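What follows is a set of notes on a single structure, which appears directly below.
Taken together, the values in this text are just the output of simple stated rules run on the coordinates, not laboratory data. These numbers come from a predicted model, not from an experiment.
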Amino acid sequence: HIGDSFSSLMHIIKGRELLVSGSKVPMHQWRLLYHLPAFRTLKIMDCTDLSTSPDMTQHLSSIDLQCLRLSSLDQAELPNWLAKLTSLHELTLDRCESMTSLPQWLGEVTSLKKMEVIFCPKLEKWLKSKENKRFIAHIDITGHEITISIIIFGGSFRRVK
């Protein structure tokens, strides 16, 4: 049983996006996902265990999930269940500092057209090799150069590469 404390970690944004932040509960126990209306974008931030069950993977695949953002994860690899997301068009990896490479199966996710890599230094280094990017040639990868954000007075941001 997850309880009310977990529901406070889930936020529905604009009715089509779901943000899960700071969960210490394994993903296969995120039962609330089964009861939410279909959402197109899932953002997972600072969650420790992204292990999932076949039922959860099938559910994520069935809701036509198109965009996935993984932020501040302490994992060396992408979770295997991503391979089953047949509607996924866009993947963003943000501040996944332990991630060192991309799995071969990512090349088989033919629906994936765009990937953004932000502040993932080990992965950015790995992506600099043309040989490493060969199996994901169909994916438009942006942001894999070291990106620095500069705060401009007044609260706006400008990226400098």
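One equal scatterer on each Cα of the stretch 56-109, no solvent, Debye formula: the resulting log10 I(q)/I(0) at q = 0.14, 0.17, 0.24, 0.28 Å⁻¹ is -0.36, -0.53, -1.02, -1.23.
With 0.36 nm allotted per residue and the present C-alpha distance subtracted, the Asn132-Arg16 stretch has 38.4 nm of extension available. A simple rule links phi to the HN-Hα coupling: the Karplus curve 6.51 cos²θ - 1.76 cosθ + 1.60 with θ = phi - 60°, which for the stretch 96-105 gives 9, 5, 8, 5, 9, 7, 10, x, 4, 5 Hz, with x for Gly and Pro.
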